[in-house]
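Okay, so here's the structure we're looking at.
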Amino acid sequence: MSIPEQSTSPAIVFHGAGSMAEAIVRGLISTGTSKPGTIAMLNRSNRERLQALSDRYGVHTANEPADKEKLLAEAEIIVLAMKPKDAGAAIKLLGPLLHDGQLIVSVVAGLSIRTIQTLLGQKLPVARTMPNTSSTIGLGATGISFSEEVTDDLRHRTLSIFEAVGTVSVIPEEQMDILTGVSGSGPAYVYFMMEAMIAAGIEGGLTPEQSRELTVQTVLGAASMMRETGEEPAELRRAITSPGGTTQAALEVLAQQGFPEAVKRAVHRAAERSREMGAAIEEELS
């Protein structure tokens, strides 16, 4: 699975070939942002996974050390997409292969820009990102922080990568933890609520299929309504809440059970846990 000798080296190399890397690659290709021949994907040892990705998307893949080193040394953009437990050793080995002008894009949770540059042994341009799982269907929400070495051109190229799989918010790095609590972990909060709605529908006599479909369409419609109208959720909620009606009765139960405060506490706890995990990773790497 090495690169043909006559081919031009891919511009974007994914160092890691898991589900998030695949989601981004699929978005880049499907939107026409990048052509398959400009992308390479690497992993440590799973040849079958790389072959499947090559067959599916037409991207370059490499598993042999010499081939991987060549790709990494010649890439314009390197996306760090390995597992957090493998990141420290992999980034240290990566450092000596790199040169000025290459952009490092990290999707590894918990790794700060400072830690990445320290592991590399040089202050290369770094974009730290936090995509969420909805990126796999092109509806992701990604937060991005840039190191001071990132030029306007590199910034634009980074944004185009993640805009291919959803929306992007550029934030100061110190806000990455709260973004993780809102959008990084956010899909799970919605799924948790949907689980309860489906269960209640079934308890009331709907079939599992009916309850699931009604719940999915309700959540999809509510999100689309907010996006398309531009209205605040409080206004949309008030518009469908008649005094003494069914919606008001339901919302009173949620308020009595502390629903709004529970959600806010969940977001802040996720942010706190993100900080804890980041500190643990940095302590381990140091």
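Observations on the structure shown:
- Restricting the stretch 242-286 to residues that are in contact with a helix residue (DSSP H, G or I) (Cβ under 9 Å, 6 or more places away or on another chain), free of Cβ contacts under 8 Å to residues at least 40 places away in the same chain and in a helix (DSSP H, G or I), the residue that is farthest from Ser112 (Cα to Cα) is Thr247.
- Being part of a loop (DSSP other than H, G, I, E, B), within 21 Å of the chain's Cα centre (by Cα) and in the same structural domain as Thr136 (by TED's automatic domain parsing) is a property that does not hold for Ala23.
- The set of residues from the stretch 162-195 being of a type in the set (A, V, I, L, M, F, W, C) and in contact with a strand residue (DSSP E or B) (Cβ under 7 Å, 6 or more places away or on another chain) comprises Phe162, Val165, Val168, Val170, Ile171, Met176, Leu179.
- Picking from residues in the stretch 192-232 that are hydroxyl-bearing (Ser, Thr, Tyr) and surrounded by 15 or more Cβ atoms within 10 Å (Cβ to Cβ), the one that is farthest from Thr142 (Cα to Cα) is Ser211.
- Residue match in the stretch 241-249 (condition: surrounded by 13 or more Cβ atoms within 10 Å (Cβ to Cβ) and not polar (S, T, N, Q)): no
- Residue count, the stretch 140-191 (criterion: basic (Lys, Arg) and either buried (at least 19 other Cβ atoms within 10 Å of the Cβ) or over 22 Å from Phe14 (Cβ atoms) (or both)): 1
- In the stretch 72-87, the qualifying residues are those that are surrounded by fewer than 20 Cβ atoms within 10 Å (Cβ to Cβ) and assigned to a helix (DSSP H, G or I), and the one that is nearest to the chain's Cα centre (by Cα) is Pro84.
- Residues of the stretch 62-71 satisfying the condition of being surrounded by fewer than 16 Cβ atoms within 10 Å (Cβ to Cβ) and closer than 11 Å to Met41 by Cα: none
The values are calculated or read from the model by the stated rules, or taken from the named source; none is laboratory data. For clarity, every value in this text was computed on a predicted model and none was experimentally measured. Reconstructed Cβ throughout: ideal geometry from the backbone, glycine too, with neighbour counts over all protein chains shown.
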